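S.K.: This is the structure I have questions about; it appears just below.
The values are calculated or read from the model by the stated rules, or taken from the named source; none is laboratory data. What you see is a predicted model, and the numbers here were worked out from it, not measured in a lab. Every residue, glycine among them, receives a Cβ derived from its backbone with ideal geometry; neighbour counts consider all protein chains shown.
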Amino acid sequence: MKRIVVAAFLVALGALSAQAESVKVSESVKVAAPPAKVWEKIGHFAELTWHPAVKASEASDGDKLDSQRRLDLGGPILWEALVTYKPAAHSYTYRILDNGANQKVLPVTHYVSTIAVKPDGQGSEVVWTSTFMPAPGTTADAAKKAIAGVYRGGLDALAKAFAGN
C-alpha cells in the first residue's frame, strides 16, 4: 500500500512539474532589405503597428527601459514593458505584464520575448523568440500555437512589406 501511495505521489509530482515547465517559441522570416532598414521599421518599442493585428500602439517612455506599451488590438488591449533595448544590435526584449486582463488576450504568463534583426546575405532575418508559462487552464500546445500564430502574422506581413526592394 505504501508503494502505491508513493507511486501516486510521484506521478502527481511529475504532472505538476510538466505543467510548470516554460514553453519556448521561435519564429523567423527572411526580409529583402538590409538590417538597418528593417530596424527602422520595427525597432521602436512604441511602434508595433507594422503587425496587422495591432490597430494602435503607444509607449509611456519610448525606448527607455521599463517603458510600458499599450497595444490596441481592435478591442482587446495588451500591456507590455520594455526589458532591454539594444539598437546597435538591432534587438529589444519585452515582457507581457501579468495583470490578469492580458491573459484573456494571450493565454500566457511570465512571458518574455525578444525581437531581433540579423544580416542575411543581401537582406535580413528577423527572429522573434519567447519563453512563457501557459496560463491556468491552457495547455502548453495551445499557448505555443497562439504565440506562434501572433509571430507568423507579424513576420509574414513584414516580409511582404519589404518584398520587391
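S.K.: Cβ-Cβ below 8 Å, separation at least six or inter-chain, first residue in the range 29-49 and closer than 19 Å to Tyr151 by Cβ and at pLDDT 95 or above, second assigned to a loop (DSSP other than H, G, I, E, B) and among the hydroxyl-bearing types (Ser, Thr, Tyr): which pairs?
M.R.: Phe45/Ser67
S.K.: Looking at (1) at positive phi; (2) under 12 Å from the mean Cα position of the chain (by Cα); (3) not in a strand (DSSP E or B), which one does Leu155 not meet, given that it meets all the others?
M.R.: Going through (1) at positive phi; (2) under 12 Å from the mean Cα position of the chain (by Cα); (3) not in a strand (DSSP E or B) one by one, Leu155 breaks only (1).
S.K.: So for the range 39-57 (the condition being among the charged types (D, E, K, R), exposed (fewer than 15 other Cβ atoms within 10 Å of the Cβ) and assigned to a strand (DSSP E or B)), does at least one residue qualify?
M.R.: Looking through the range 39-57, none of the residues is among the charged types (D, E, K, R), exposed (fewer than 15 other Cβ atoms within 10 Å of the Cβ) and assigned to a strand (DSSP E or B).
S.K.: Taking the range 145-165 only, how many residues are of a type in the set (S, T, N, Q) and surrounded by 17 or more Cβ atoms within 10 Å (Cβ to Cβ)?
M.R.: The qualifying residues number 0.
S.K.: Taking the criterion of being buried (at least 18 other Cβ atoms within 10 Å of the Cβ), of a type in the set (A, V, I, L, M, F, W, C) and under 21 Å from Ala56 (Cβ atoms), would at least one residue in the range 136-144 satisfy it?
M.R.: For the range 136-144, residues buried (at least 18 other Cβ atoms within 10 Å of the Cβ), of a type in the set (A, V, I, L, M, F, W, C) and under 21 Å from Ala56 (Cβ atoms): absent.
S.K.: Within the range 61-83, does at least one residue satisfy the condition of being closer than 18 Å to Lys24 by Cβ and either at pLDDT 95 or above or assigned to a loop (DSSP other than H, G, I, E, B) (or both)?
M.R.: yes
S.K.: Here is a further query. Residue by residue through the range 94-109, note down the ones that are surrounded by fewer than 17 Cβ atoms within 10 Å (Cβ to Cβ) and assigned to a strand (DSSP E or B).
M.R.: If the condition is that a residue be surrounded by fewer than 17 Cβ atoms within 10 Å (Cβ to Cβ) and assigned to a strand (DSSP E or B), then Arg95 is the only one that fits.
S.K.: Return the only residue of Asp72, Asp61 being out of contact with any Pro (no Cβ under 9 Å at 6 or more places or on another chain), closer than 21 Å to Gly100 by Cβ and acidic (Asp, Glu).
M.R.: Asp72
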